[in-house]
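The structure appears right after this line, and notes come after that.
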Amino acid sequence: MAHLSQRPVLLAMLLLVAAAAWAPAAEEKPLTYERDIRPIFRAHCFDCHGATKEKKGKLDLRLQRFLVRGGETGPAIVPGKPAESFLLQRLRAGEMPPGDARVPNDQIEILEHWISQGAPTARPEPETIPDGLGITSEERAYWAFQPITKPAEPSVKDANRVRNPIDAFLLSRIQEKQLTFAPDADRLTLIKRVYLDLLGLPPTGEQIKKFIADKRPDAYDRLVDEVLESKHYGERWGRHWLDVAGYADSEGYSNADPVRTYAYKYRDYVIQSFNDNLPFNQFIQEQLAGDEMIKPPFANMPADSIRKLTATGFLRMAVDGTDSENNDVARNQMVADTIKIVSSSLLGVSVGCAQCHDHRYDPISHNDYHRIRAVFEPTFDWKKWRTPGNRKLSLYTDKDVAERTKVQQEAAVLEKERNQKQTEFIKIALEKEFNRYEQPLQAKLRLAKATAGDKQTDEQKKLLKDYPNLNVNGGNLYQYNQGNADKIKDYNARVGKIKEKIPVEEFLRVATEVEGSIPETFLFYRGDHRQPQHAVGPGGLTITSVDGKPLAIADNQEDSPFSGRRIAYAKWLTSGQHPLVARVLVNRFWLHHFGHGIVQTPDEFGKLGMLPTHPKLLDWMASYFMD
């Protein structure tokens, strides 16, 4: 694919967006409530006057006619008369919304201009609407929520420069600016680009000479294939995914910062997945629900099952301080952070904004957020919490247990012999110490030493304290007889050598459910776990559904003791029908190859993010990627 800086195209797009900003040009096209006013209310007003069942001041801003009807203080607006519109007066005076937040002046001017135009709507308003904000056709029409299609490859003038469809999309855009591709790079530049981009390492002198001397027409393709075979490819490209997943080798919650002893296994899983060219839909499904792809019990497992369980370490990358501070706040924060990682990495939208209320910019409801939470709550049940230490999964097999038992029995024989010898040596040393004293003191010392600690009199305790040399034990035997101590030391070495044959017990840091335990998820008012409202079932974002009906997940498949929620959700995300996942992923690939994405905000495809500079190219690549 020809390499061309995206900066001129990006600058042109930014200028176009700026020119389309709210300005007098809006007079050419009348403002409408749905397209121009509702987004302002969503950002600043709906929390009090639309999203909840009870509206403050009985003022509902969800429809134009509700504004005209007004609330307790009368009409909020008077169409055609902005000076008589009470809502406008309150906004200009800074009295609405309450608190320090203010509606920007340019948005207030839009509202004023809309009222002066007669407060038009885009279409007749419905007779009734259900509780909540719902989703308008304008919100559903936003580019990131549209189904992914595969645009036709554009025709270009200089077709001889096109080697693949991506070239065609790029060339068609730059030709509009009377530009064309730069000349082909020479062999030296090409091999440097390939190595540094795919491996992060420069080619050796020998590799450069070999490529420059290769005159075959497919030399470049061969070079790329050769570099992709390197183990360093997974190390280079796996790190990008590990960054998205928030990979860390310690918990990071407190100053103690305990080490995540087995987190590295997830890191290695990611690297190996890239090197093995694991299909990305499988890569996602295993990380979200690898445990639900295996039948329990999780014991004596083949390598493939261990790999799938290792993948669930993705859901264990959020900061988890519940080993040191195990309370409801820390638990629920860990759940919220996990949802944030999943949504930012795969959905590219900030669903966390809907944790406390309906999203102020995107059509993501408070209810939708908790539907996603319900997907993960059987794994992270905050009322029956399992600390990080209790989420480890042992990889010990029955064979390992049998081998350990055999070795321990072998060691026990030698340990018994050692203990007998040590008791004998201690007795010899103690007898030598007793013989240092005359009677009747010696008899008193012998009696005190022979009496059990809880039966000793105060006099005996004092006596032994006054004569500490009688405290002979295995640890200080060398002070009495170095030769005998060395014999015990030799026994210990032999026992240790035998125990080295015990198989090492390895663990995995995993996300699993407790069999047969499916908690009920409740919507938290204002995101506060102390204020549960109604029960919420598991599912996905309504705006991403194909027919406007959100994904609903049924619990308890007959052949599994687990809820099946995460695997159902993972399959929906990778079904090819989800509008966000493939776009988000290919944009990240582009970003890491060329330095900046087609969408400049890779974690934010919603209204707070930037528009794609090449939307057709993005969709073509997303479609191709899924195919």
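The values are calculated or read from the model by the stated rules, or taken from the named source; none is laboratory data. As the structure is a prediction and not an experimental result, all values here were calculated from the model. Neighbour counts run over all protein chains shown; Cβ positions are idealised from the backbone, glycine included. In case anyone asks, the SASA skips ligands and DNA or RNA and just uses the protein heavy atoms, side chains included. Shrake-Rupley method; radii C 1.70, N 1.55, O 1.52, S 1.80 Å.
Using the Cβ-Cβ distance between Arg123 and Ser394 with R0 = 56 Å, the FRET efficiency computed as 1/(1 + (r/R0)^6) comes to roughly 0.35.
Solvent-accessible surface (1.4 Å probe) assigned to Asp603 amounts to roughly 80 Å².
Pop out the carbon and sulfur fraction of the accessible area of the chain as a percent, whole number, probe 1.4 Å. Walk me through the numbers before you get to the answer.
Working: 17230 of 32610 Å².
After summing per-atom areas, the C and S share lands at 53 percent.
The distance between label points at Gln282 and Tyr142 comes to 3.5 nm (points 7 Å beyond Cα on the Cα→Cβ vector).
Of the listed residues Ile212, Ile567, the order by accessible area with a 1.4 Å probe, largest first, is Ile212, Ile567. Percent of Cα pairs in region 470-602 per distance bin of 10 Å, from zero to the largest separation: 9, 17, 20, 14, 9, 10, 13, 7, 1. Taking each residue as 0.36 nm, the span from Ala336 to Lys157 lengthens on full extension beyond its C-alpha to C-alpha distance by 59.3 nm. Between Lys210 and Glu515, the C-beta separation translates, for a Förster distance of 56 Å, into a calculated FRET efficiency of about 0.50. Each principal axis of the chain carries a Cα extent, and these read 118, 80, 48 Å when sorted largest first.
Between Asp131 and Lys383, the simple label model (points 7 Å from Cα in the Cβ direction) yields a spacing of 2.1 nm.
Relative to the longest principal axis of the Cα atoms of the chain, the long axis of helix 366-376 makes an angle of roughly 30 degrees.
Using only helices, what value at 222 nm comes out for the chain when you add -39,500 (n - 2.57) per DSSP H run of length 4 or more and divide by the total residues, to the nearest 500 deg cm²/dmol? Don't skip to the answer; put the middle values down first.
Working: 24 runs with 276 residues, N = 627.
Result for the chain, helices only: -13500 deg cm²/dmol.
For the chain, with every protein chain kept in place, what is the accessible area per residue (1.4 Å probe, Å²)? All intermediate terms of the calculation are to be shown ahead of the outcome.
Details: 32610 Å² over 627 residues.
That works out to 52 Å² per residue.
Model label points for Arg530 and Leu591, set 7 angstrom from Cα along the Cα-to-Cβ axis, are 3.7 nm apart.
With the cut-off at 1.5 for a/c, could you classify region 264-423 from its C-alpha gyration tensor as rounded, prolate or oblate? Here region 264-423 falls in the prolate category.
Just going by the charge dipole of the chain, with Lys and Arg at +1 and Asp and Glu at -1 on Cβ, which of Trp572, Ala263, Phe46 is farthest out on the positive end? Looking along the dipole axis, the top candidate is Ala263. Run the paramagnetic zone check for Val546: 7 angstrom along Cα to Cβ, then residues of region 128-146 with backbone nitrogen under 18 Å. Counting only backbone N, you get 145-146.
Using C-alpha pairs under 8 Å with a sequence gap of at least 6, the mean separation divided by the residue count of region 150-214 gives a relative contact order of 20 percent. If R0 is 45 Å, the Cβ-Cβ spacing of Tyr478 and Ala303 corresponds to a FRET efficiency of close to 0.40. Principal-axis analysis of the Cα atoms of the chain puts helix 187-198 at an angle of about 70° to the longest axis. Shape class of region 380-522 from the alpha-carbon gyration tensor: oblate, with a/c at 1.5 or above and b/c at least as large as a/b. Checked against a 29 Å cut-off, the cross-linked pairs Lys461/Lys487; Lys465/Lys499; Lys231/Lys308 give Cα-Cα distances beyond that limit for Lys461/Lys487; Lys465/Lys499.
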